[in-house]
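The values are calculated or read from the model by the stated rules, or taken from the named source; none is laboratory data. As the structure is a prediction and not an experimental result, all values here were calculated from the model. Please note: Cβ atoms are built from the backbone with ideal geometry, for glycine as well, and neighbour counts cover all protein chains shown.
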Amino acid sequence: LPEEFIKAQPIIDTIEAAGYEAYYVGGSVRDTLLGLPIHDVDIATSAYPEEVKSLFKRTVDTGIEHGTVMILDHGTGYETTTFRTESGYQDYRRPDSVKFVRSLKEDLNRRDFTINALALKTDGTIIDYFDGLSDLKAHRIRAVGDPEKRFNEDALRMMRAVRFASQLNFTIDPETITGIKHHGSLLTKIAVERIHVEFVKMLLGQWPAMGLDVFMDTGLYQYCPDFKPYKDQLEQLRLQLKSGLSSETAVWTILCAVFGLSSKQVNRLLKDWKSANQLIDDVQVAVKAVKAISEHSVDAWLLYQTGSELLPIANEVANQLGESPYATATLLAQYDELQIHSKKALAITGQDLMSAGIKPGPQLGQALNYLERQVVEGQLKNQNNMLLSAAIKYLNEKA
Ligand code: ATP
Ligand code: MG
């Protein structure tokens, strides 16, 4: 067993010593069987949350109403969830009630896909009630039970299916695909933030075309914010993407670039996808840079405006689209050679200009902007006296 499981063994031992069952479950079991690194170790137990809490000194109620308690042990947190069933799902997303149960089988039965419904004991035994192991071997994503029912209960599972396909290079079982075709429209009932998370994970996966194929063929894309008019562009993207993207910024940048969006449209799309303001700002800048890179028209001002964090992302996106003639290292070297990398680095301040007799007001700001651009473009040296005379000359010519 991987060392993460060995490290967590005392937790399971403690729960078992108190007379309850406890197993490793979820993504860590799946990924271990696939020989992949694991992120976090999740535990499922027959003990009720209060019983779990009584067994450990340090716990946090991370989701106690649905049975989850985090156990803290030597700096690691273990999400420990009581076996439960779910019922209701009147809103297609959250169960109306969760019921704690004492049976592992019932708990695994409520899980989304067979490969996610395996349990592992500390002695290495696998518990596999739904043929998850043969699906793992066949590289197949299959809903636990009747896909129609499972997607009707929780529509987010359809996005999870395509994201696992991209992350694992798995195909989706035909009946599960049919379930997605029938229930795609239920995605509109799901909080956009949750769709966002799964969609980004899909494009960050190593095999994005695996998920995108199903995302397009089943029509799922139509029920995501603002995607419906961009069918052709999304189809084109699935053919172009050679590998996963490196960051969330790259994901949205490539989408906005292939959709051909203006800054204002980028803002609209990303707002509709409930994105953070920082992400929106970054994507607007990166999309402009992708355009310049693709048109082979990168100049000093564009390098400066894009900055060293977004330049590699913009070039990665342009490369994925087969349109970059530049090496990222070259762009970064050119960026490094700029005289300044921010307005603060100008060898003159507004205060300096006022001391020289220039009145405060809009034209003072304009003069500083002019100097900034001239220095970035290498037309002026970044020296206080030279900048001062250039500012005076600029203002005189304007007047
Ligand atoms: P990752 O490696 O991305 O964390 P994961 O499989 O661990 O993948 P999580 O979202 O962490 O995914 O969920 C943990 C487990 O909980 C899943 O493996 C699955 O068994 C179950 N699960 C999560 N979301 C759902 C859902 N919407 N419906 C049913 N079961 C779910
Ligand atoms: Mg997980």
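Annotations for the structure displayed:
- Only one entry in Glu4, Glu86, Glu79 is within 11 Å of ligand 1 (Cβ to nearest atom) and either buried (at least 18 other Cβ atoms within 10 Å of the Cβ) or under 26 Å from the mean Cα position of the chain (by Cα) (or both), namely Glu79.
- Residue within the range 37-46 that is out of contact with any Gly (no Cβ under 8 Å at 6 or more places or on another chain) and either more than 16 Å from ligand 1 (Cβ to nearest atom) or of a type in the set (Lys, Arg) (or both) present: yes
- Candidates in the range 166-179 are the residues that are free of Cβ contacts under 8 Å to residues at least 40 places away in the same chain and not polar (S, T, N, Q); of these, the one that is surrounded by the most Cβ atoms within 10 Å (Cβ to Cβ) is Gly179.
Residues are listed down the side, and each one gets a yes or a no for (1) buried (at least 21 other Cβ atoms within 10 Å of the Cβ); (2) closer than 20 Å to Arg238 by Cβ; (3) modelled with pLDDT of 95 or more:
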{"site": "Ala117", "(1), (2), (3)": "yes, no, yes"}
{"site": "Val144", "(1), (2), (3)": "yes, no, yes"}
{"site": "Pro147", "(1), (2), (3)": "yes, no, yes"}
{"site": "Met159", "(1), (2), (3)": "yes, yes, yes"}
{"site": "Phe164", "(1), (2), (3)": "yes, yes, yes"}
{"site": "Lys181", "(1), (2), (3)": "no, yes, yes"}
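- Residue identified as buried (at least 18 other Cβ atoms within 10 Å of the Cβ), within 17 Å of Lys201 (Cα to Cα) and not assigned by TED's automatic domain parsing to the domain that holds Met159 among Leu261, Leu303, Leu237, Leu255: Leu255
- In the range 125-135, the residue that is surrounded by the fewest Cβ atoms within 10 Å (Cβ to Cβ) out of those that are in a helix (DSSP H, G or I) and either out of contact with any Ser or Thr (no Cβ under 8 Å at 6 or more places or on another chain) or among the β-branched types (Val, Ile, Thr) (or both) is Ser134.
- Inside the range 96-119, residues that are in a loop (DSSP other than H, G, I, E, B) and farther than 17 Å from Arg142 by Cα make up a count of 4.
- Checking Thr122 against (1) in a helix (DSSP H, G or I); (2) surrounded by fewer than 19 Cβ atoms within 10 Å (Cβ to Cβ); (3) of a type in the set (Val, Ile, Thr), the condition it does not meet: (1)
- Residues in the range 17-56 that are buried (at least 16 other Cβ atoms within 10 Å of the Cβ), away from ligand 2 (no atom under 16 Å from the Cβ), within 23 Å of Thr85 (Cα to Cα) and free of Cβ contacts under 8 Å to residues at least 60 places away in the same chain: Tyr20, Ala22, Thr45, Ser46, Ala47, Tyr48, Pro49, Glu51, Val52, Lys53.
- Selection status of Asp13, at pLDDT 95 or above, charged (D, E, K, R) and within 16 Å of ligand 2 (Cβ to nearest atom): no
- Qualifying residues in the range 342-391 (those that are of a type in the set (Gly, Ala, Ser) and outside any helix (DSSP H, G or I)) - the one surrounded by the most Cβ atoms within 10 Å (Cβ to Cβ): Ala347
- Among the residues of this structure, Gly27 does not count as one that is out of contact with any Asp or Glu (no Cβ under 6 Å at 6 or more places or on another chain), more than 13 Å from ligand 1 (Cβ to nearest atom) and closer than 25 Å to Arg140 by Cα.
- Test: residue in the range 56-71 that is within 10 Å of ligand 1 (Cβ to nearest atom) and modelled with pLDDT under 95: no
- Filter result for Ile6 (in a helix (DSSP H, G or I), away from ligand 2 (no atom under 15 Å from the Cβ), touching a Ser or Thr at 6+ places or on another chain (Cβ under 8 Å) and hydrophobic (A, V, I, L, M, F, W, C)): no
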